1. Taking every DSSP beta bridge with both residues inside the range 65-209, roughly what % is antiparallel (nearest 5)?
2. So, with a 1.4 angstrom probe, what is the percent of accessible area on the range 61-159 that is carbon and sulfur?
3. Can you return the lysines within cross-link range of LYS22? Criterion is Cα-Cα under 16 Å, with same-chain partners fewer than 8 residues away left out.
4. Compare the peptides 42-50, 9-17, 200-208, 71-79 by average per-residue count of other Cβ atoms within 10 angstrom and give them in order, highest first.
5. Need the list of lysines near LYS119 for cross-linking: C-alpha distance under 28 angstrom, and skip anything on the same chain fewer than eight residues off.
6. Relative contact order for the chain: what is it in percent, counting Cα pairs under 8 Å that are at least 6 residues apart?
7. Just SER199, SER145, SER105 to compare: in a GNM of the chain, with alpha carbon springs under 10 Å, which one fluctuates most?
8. Place +1 on the Cβ of every Lys and Arg and -1 on the Cβ of every Asp and Glu in the chain, take the dipole about the Cα centre, and give the residue among SER171, GLY195, VAL5 whose Cα lies farthest towards its positive end.
Amino acid sequence: ILRMVPPANIAGRVEFQEDGAKPPPDARAKLTLVNAGVRGGATPVDIAADGSFQVRQLRAGRYRVIPSWRNGYVASMRLGLTAMEGSLLDLTRGAGGAELSVRVSSATGSVEGSVSDNKGVIAGARVALVFDGEGGGVPPRFAVSGAGGMYSFNEVAPGKYQLVAVQEADSDYVLQSGRLDDYEDLMDGIGIHPGERVSHDLKRQAPGN
């Protein structure tokens with residue numbers, strides 16, 4: 001029997017694990033619920049001054065919940081009596097009228113390193129940081145290596161990621177499209193824990209080599 005799950009209206013509240021997890025005073029704080037399924041799509045949700053929010057007519061599915069400010073990430077959630085670690089919100093069975101509590105932490109991590117090829121270090125190389133956790137739903141981030149071939153990503157939510165240095169000829173396309181299909185076999189896997197600083201050097205290679 002196919003059971004249709006109606007769209008959900010959800011009342012919720014954002015809680016902050018530390019004062020540093022709060023958005024800047026002049027920021028228009030939002031949560032973005034990114035559909036982690038094949039349909040994709042994103043639902044922006046305004047957060048009121050008291051931390052409350054309302055989600056209207058959200059379809060059943062799984063959603064990655066992402067704050068609009070970089071100094072915080074969703075560490076855990078609670079939908080009614082159901083606790084969820086991390087930022088993946090499971091609404092495959094709907095919300096059942098339950099309230100949603102979203103807990104934001106500022107214990108982000110960072111990753112840095114150098115980019116090189118067979119000729120030495122590379123300045124101006126495009127580096128992609130790709131989320132590799134369950135459900136996906138997080139867009140890739142990009143950085144450009146500076147003098148000495150050094151790159152860095154700050155305020156990175158804890159989790160599993162893939163890193164890769166993109167060939168110069170592919171750089172603009174990858175940045176605009178966010179697609180890294182040709183580089184899947186060249187990616188290096190890393191894990192970032194809360195507050196951790198990870199060092200990881202990259203070797204730039206052409207796909208198929």
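The values are calculated or read from the model by the stated rules, or taken from the named source; none is laboratory data. Being a predicted model, the structure only gives us computed values, none of them experimental. Please note: Cβ atoms are built from the backbone with ideal geometry, for glycine as well, and neighbour counts cover all protein chains shown. These area figures cover heavy atoms from the full protein model, side chains too; ligands, DNA and RNA do not enter into them. Shrake-Rupley method; radii C 1.70, N 1.55, O 1.52, S 1.80 Å.
1. Antiparallel bridges make up about 85 percent of those DSSP assigns within the range 65-209.
2. Result for the range 61-159: 47 percent of the exposed heavy-atom area is carbon or sulfur.
3. Hits, sequence-local ones excluded: LYS30.
4. 71-79, 9-17, 200-208, 42-50
5. Straight-distance partners of LYS119: LYS203.
6. 20
7. SER199
8. Of the options given, the answer is VAL5.
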